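Take a look at the structure below.
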Amino acid sequence: PGSVSALAPQGTPMLLHALPHGAAIPVPESATTLNEVLEWHAARTPGRTHVLLYGEDEQVEALTYADLLHNARRIGAGLVARGLAPQQAVALMLPTGRDYLACFFGILLAGGIPVPIYPPARLAQIEDHLRRHARILDNAQAVFIITVPQAKTVAALLRARVPSLAEIVTPDEIGAEPAPLLYRARAGDIAFLQYTSGSTGDPKGVVLTHANLLANLRAMGPAFRVTSEDVFVSWLPLYHDMGLIGAWFGSLYFAMPLVLMSPLAFLARPARWLQAISRHRGTLTAAPNFAYELCAKKLDDAELAGLDLYSLRLALNGAEPVSPATLESFIERFVPYGLQPEAVTPVYGLAESSVGLAFPPLGRGPRIDAIGREAFVREARAVPVDEGGSEVMRVPACGRALPGHEIRIVDA
């Protein structure tokens, strides 16, 4: 892939990498683990752009399948050399970037279990941040934490609270010459532990195997007719299932380029997300409801000059309650910028189901049910009512269960 110069919205030149296009390429249908998925693509299309990574300075770095596998093998060899045994947990607390991607797969190649933990927004908070996460680290029985150098100052405090912890290391410290790794992951092995947000108490760890993840990816992709010709644009955090599995692993499996920026870059300037979709002709994106609300209500028209969202065929809204008003205001605000209303798609998932569970039919656009609020609150019954009534409760439809998945209501 070549690269072209373009102008960022502020008028500063930036380097853009040309994304791969052409005939859709096949997917690794016989792969039984994420490790095999990466190896499959690296063997067949080593130079294909896998991730376009936006840095803090808006510079764009292309990462190929061969790059990711090579970097991951260096990390894996380093972890094994430090004594990591198969199916031991390794906590990963790094910002979005090349190191995070390499370390996640490095842990997998070494036979370990990644445990993603979100990094602190400011390094000054690192001690308090890690103290709060000690319960997760202890629950996962993590033997290593791979993180930023500043976290080493908290090593003694953490070892007292997490008896399993052997060492706090940085990516630079564990990089070693790639060596043959003796352990080969199996479909039933744990691929990673996803800790829920903990909004209803202590964070709970969800155990996800390679088989779980691949089954979910193989159901989601065909439901949305995903191919290697798609381009996924994401700022979602890589410590959360929607960003990790939906955006990254989905892009990895289906060989679609992933345009990736950090959540902090999005929060600092939300227009960056839409500009990246426009610039790279993004076809898929996903975000929680608040992000769509922010873009619909808070962006100045000046920030949207030249924006073209016509390429976007799916803008998935999930991971938190979906607001009908947000769906409508996002469509109203961005149809003048080429957005196709049917691209806006509420979805439902949960970490216990890997990530995706219910998707609407392609191209349907938002569908909203109007039900009586009183009957719903008092009797837990959904009674259809007229849209115009004062007691109306509007509920977005998130679709039907994916093939191979089912939804059961098991109690009150």
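The values are calculated or read from the model by the stated rules, or taken from the named source; none is laboratory data. From a predicted model like this one, the values you see are computed outputs, not experimental measurements. Because the Cβ atoms are built from the backbone with ideal geometry, glycine has one as well, and the counts that use them run over all protein chains shown. What goes into the accessible areas is simple: the full protein's heavy atoms, side chains included, and nothing from ligands, DNA or RNA. Shrake-Rupley method; radii C 1.70, N 1.55, O 1.52, S 1.80 Å.
Under 15 Å of direct C-alpha separation, and excluding same-chain neighbours fewer than eight residues apart, Lys297 reaches these aspartates and glutamates: Glu328, Glu332.
Pick from His41, His50, His133: which is most flexible by mean-square fluctuation in a GNM of the chain where alpha carbon atoms under 10 Å apart are linked? The residue with the greatest mean-square fluctuation here is His133. Per residue, the accessible area of the chain comes to 45 Å², computed with a 1.4 Å probe over protein heavy atoms only.
At an R0 of 51 angstrom, the distance between the Cβ atoms of Arg408 and Glu177 translates into a FRET efficiency of 0.50.
In square nanometres, what is the average projected area of the Cα convex hull of the stretch 277-371? Can you show the working numbers first?
Working: hull surface 26.4 nm².
If you wrap the Cα atoms of the stretch 277-371 in a convex hull and average its projections, you get 6.6 nm².
Here the spin labels are modelled as points 7 Å beyond Cα on the Cα-Cβ line, and at Val335 and Arg184 they lie 5.6 nm apart. Checking the a/c ratio against 1.5 first, then a/b against b/c, what shape does the Cα gyration tensor give for the stretch 32-152? In terms of gyration-tensor shape, oblate. Grouping the Cα pair distances of the stretch 73-124 into 10 Å bins from zero gives a pair-distance distribution of 28, 50, 19, 2 percent in increasing distance order.
Find the Rg to Rh ratio for the chain, where Rh is the Kirkwood radius over alpha-carbon pairs and Rg uses the same atoms. Intermediate values should be presented prior to the final figure.
On the way: Rg = 21.8 Å, Rh = 22.4 Å.
Looking at the chain, the ratio lands at 0.97.
The simple Förster model, with R0 at 41 Å and r as the Cβ-Cβ distance, assigns Arg364 and Leu123 a FRET efficiency of 0.35. Shape annotation for the stretch 169-221: C-alpha extents along the principal axes are 43, 29, 20 Å, from largest to smallest.
Rounded to the nearest 10 square angstrom, Asp67 shows an accessible area of 50 square angstrom against a 1.4 Å probe.
Label Glu303 and Asp202 with points 7 Å out from Cα along Cα→Cβ: what is the distance between them in nm? Going from the Glu303 label point to the Asp202 one covers 4.0 nm.
Classify the stretch 131-226 as rounded, prolate or oblate from the Cα gyration tensor: take a ≥ b ≥ c as the square roots of its eigenvalues, call it rounded if a/c is under 1.5, otherwise prolate when a/b beats b/c and oblate if not.
oblate
Could you tally the net charge around Asp230, taking each other residue with its Cβ under 12 Å from the Cβ of Asp230, Lys/Arg +1 and Asp/Glu -1? Charge balance in the 12 Å sphere: +2. Counting only residues at least eight positions apart within a chain, or on another chain, the lysines with an alpha carbon under 29 Å from that of Lys204 are Lys152.
Derived from the Cα gyration tensor, the three semi-axes of the equivalent ellipsoid of the stretch 21-82 are 21, 21, 8 Å, largest first.
Here's the picture: a label point sits 7 Å out from the Cα of Phe290 along the beta-carbon direction, and within the stretch 96-140 the residues with their amide nitrogen under 16 Å of it are 118-122.
Shape of the stretch 137-183 from its Cα gyration tensor (a ≥ b ≥ c, root eigenvalues): rounded if a/c is under 1.5, otherwise prolate when a/b > b/c, or oblate? Since a/c reaches 1.5 but b/c is at least a/b, the shape of the stretch 137-183 is classed as oblate.
Report, in deg cm²/dmol and to the nearest 500, the calculated mean residue ellipticity at 222 nm for the chain, where each DSSP H run with n ≥ 4 adds -39500 (n - 2.57) and the sum is divided by the residue count.
Values: 13 runs with 128 residues, N = 412.
Taken over the chain, the calculation gives -9000 deg cm²/dmol.
How charged is the neighbourhood of Ala72? Take every other residue with its Cβ under 12 Å from the Cβ of Ala72, and add Lys/Arg as +1 and Asp/Glu as -1. With Lys, Arg at +1 and Asp, Glu at -1, the neighbours total 0.
Among 377-386, 278-287, 80-89, what's the highest-first ranking by average C-beta atoms within 10 angstrom per residue? Could the numbers behind the result be given before it?
Values: 377-386: 11.0, 278-287: 22.5, 80-89: 16.7.
Descending mean neighbour count gives 278-287, 80-89, 377-386.
Ligands, DNA and RNA left out, the accessible area of the stretch 169-318 computed with a 1.4 Å probe is 57% carbon and sulfur. Using a Gaussian network model of the chain whose springs link C-alpha atoms within less than 10 Å, name the residue from Leu304, Leu238, Leu182 with the highest mean-square fluctuation. The residue with the greatest mean-square fluctuation here is Leu182.
Working value for the stretch 51-90: equivalent-ellipsoid semi-axes of 28, 12, 8 Å, each the square root of 5 times a Cα gyration tensor eigenvalue, largest first.
Mind giving me the FRET efficiency for Glu167 and Arg394? R0 is 45 Å, r the Cβ-Cβ distance, nearest 0.05 is fine. So, using R0 = 45 Å, E works out to roughly 0.30.
Taking loop as defined by DSSP and a crowding limit of 14 other beta carbons within 10 Å, which chymotrypsin sites (Phe, Trp or Tyr not before Pro) in the stretch 293-374 fit?
Values: sites: Tyr310, Phe330, Phe334, Tyr337, Tyr348; in loops: Tyr310.
Loop-located and lightly packed - Tyr310.
When you work out D = kT/(6 pi eta Rh) for the stretch 345-412 at 10 °C and 1.306 mPa s, using the Kirkwood radius from C-alpha pairs as Rh and the Stokes-Einstein form, the result is 116 µm²/s.
Expressed as a whole percent, the accessible surface of the stretch 110-155 that belongs to carbon and sulfur atoms is 48, based on a 1.4 Å probe. Highest mobility in the GNM of the chain, judged by mean-square fluctuation with C-alpha springs under 10 Å and restricted to His210, His240, His21, is found for His21.
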